[in-house]
1. Being more than 18 Å from residue A:7 (Cβ to Cβ), surrounded by fewer than 16 Cβ atoms within 10 Å (Cβ to Cβ) and out of contact with any strand residue (DSSP E or B) (no Cβ under 8 Å at 6 or more places or on another chain) narrows it down to one of B:96, B:69, B:35, so name that one.
2. I'm trying to understand the selection: among the residues of segment A:8-27, which are within 7 Å of chain B (Cβ to nearest Cβ), over 18 Å from residue B:112 (Cβ atoms) and assigned to a helix (DSSP H, G or I)?
3. Select, from A:10, A:87, A:33, the only residue that is small (Gly, Ala, Ser) and in contact (Cβ under 8 Å) with a residue 24 or more places away in the chain.
4. Of the conditions (1) in a loop (DSSP other than H, G, I, E, B); (2) of a type outside the set (Ser, Thr, Tyr); (3) at pLDDT 95 or above, residue B:144 fails just one. Which one is it?
5. For segment B:45-66, which positions are surrounded by fewer than 19 Cβ atoms within 10 Å (Cβ to Cβ) and within 12 Å of the chain's Cα centre (by Cα)?
6. Here are the criteria: (1) under 14 Å from the mean Cα position of the chain (by Cα); (2) closer than 18 Å to residue A:71 by Cβ. Tell me which single one residue A:45 does not satisfy.
7. Take the conditions without any contact (Cβ under 8 Å) to a residue 24 or more places away in the chain and small (Gly, Ala, Ser) and apply them to residue B:123. Does it pass?
8. Search segment A:60-99 for residues being of a type outside the set (A, V, I, L, M) and assigned to a loop (DSSP other than H, G, I, E, B), and hand back the single one that is surrounded by the most Cβ atoms within 10 Å (Cβ to Cβ).
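The values are calculated or read from the model by the stated rules, or taken from the named source; none is laboratory data. Computed from a predicted structure; not experimentally measured. Heads up, the Cβs are rebuilt from the backbone with ideal geometry, glycines too, and the neighbour counts pull from every protein chain shown.
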Amino acid sequence: MLLNQFLVLSAVLFCTGVYGVIARRNGVLVLMSVELILNAVNINFVAFAYWHGDVSGQVFALFVITVAAAEVGIGLAIVLLIYRNRSSIDLGQMEQLRG
Amino acid sequence: MVAQNIAFGVIAAAMVVAAFRVVTTKNVVRAALYLVVVLAGVGAQFILLASEFVAVVQVLVYIGAIVVLFLFGIMLTRAPIGKTVNLDNDLRRSGLLVSLMLVGGLVYVLWDAFEDTELPEDGTLFRTSEVGDSIFSTYLVPFEIISVLLLAALIGAIVVARRD
């Protein structure tokens, strides 16, 4: 197996996630795209851990999984709050902070 | 080695197709279910890379917990179960442009840097105990900080979502 096949797979997943974050207007779908991005990072960590024969990459992948869990918890709470206040989770309509 | 490459190809193809469906499907619930395919594929790649503990945690935390959270989020925001037309905003074209440029640049840079570097045939295998040793010795402080972060996120989510 080449190192690059894992890295290119992760690059493709990352860019799919970036497209999702830019193009989606539903708050839950944007959070799903962020999960795609974080998973791409994890593939990189584990591939380099295997390549170097070092366990640190695996440990950091575990940390990233933990932070992703915290991020989804907070993110969904915010999305629920937006829905409760505006009865829609269309991010295109969130413009109170526009200067 | 050949078997591993075939497994990689099949899983990677399924993952990429499912990832495209996550960002293009018109059905919110299906997007969450396609996300399960991507996450399971990532877990399978971890096993191919001989990191079975990370793979197990991936399945437990992502597929077991995070996808369920997403489904609850979809349910509580009363998203229609069927097709919805306006899930995408009008930035689709520029989003496509940005991500294509990004993938082109990344693939070029990666190929330039690593070309055909082979992964070691029988690389070092880390048992779960060694991962645990590393967490509780070298990375003890980050581990404790992440525990506090998780607690803060838990309390924060409760406070934010509380109804009063």
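1. On inspection, the qualifying residue turns out to be B:96.
2. A:13, A:16, A:18, A:19, A:20, A:22, A:23
3. Only one candidate qualifies: A:10.
4. Condition not satisfied by residue B:144: (1).
5. Within segment B:45-66, B:59, B:61, B:63 meet the criteria.
6. Exception for residue A:45: condition (1).
7. no
8. Across segment A:60-99, the extreme among qualifying residues is A:88.
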